[in-house]
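Asker: Here it is, the structure in full.
FYI, it's all coordinate maths here, none of it is from the lab. All of these numbers come straight from a predicted model, not from anything done at the bench. Positions of Cβ are backbone-derived with ideal geometry, glycine not excepted, and every protein chain shown enters the neighbour counts.
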Amino acid sequence: MARAVTADRRAAQWENPRMDEIVVVDDDALIRELLAEWLGEAGYRVRQAGTGGEALQLLRGQPAGLLIT
């Protein structure tokens, strides 16, 4: 039963991603940080990942409205 609840919760998250949140993925930390800073100043919540695997882990926890690679 707990597994079904978890699956339902995940499905609900994907149906309602945070549209004010952006995930920036780049292996170049400087580029990633510059984009994150610029987007943060524009009012977005930004999460960063250095690899595709890191991005997937972030998105499993909470989907984002936009993914920039």
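Asker: Given H placed 1.01 Å from N in the peptide plane, which residues other than close sequence neighbours of ARG47 have an amide H under 5 Å from its amide H?
Answerer: ILE22, VAL23, VAL24
Asker: Got a sec to turn the phi values of the stretch 50-58 into Karplus ³J(HN,Hα) couplings, 6.51 cos²θ - 1.76 cosθ + 1.60 with θ = phi - 60°, whole Hz, x for Gly and Pro?
Answerer: x, 9, x, x, 4, 4, 4, 4, 4
Asker: Which value in nm describes the separation of the simple spin-label points at ARG60 and ASP28, placed 7 Å from the Cα toward the beta carbon?
Answerer: 2.9
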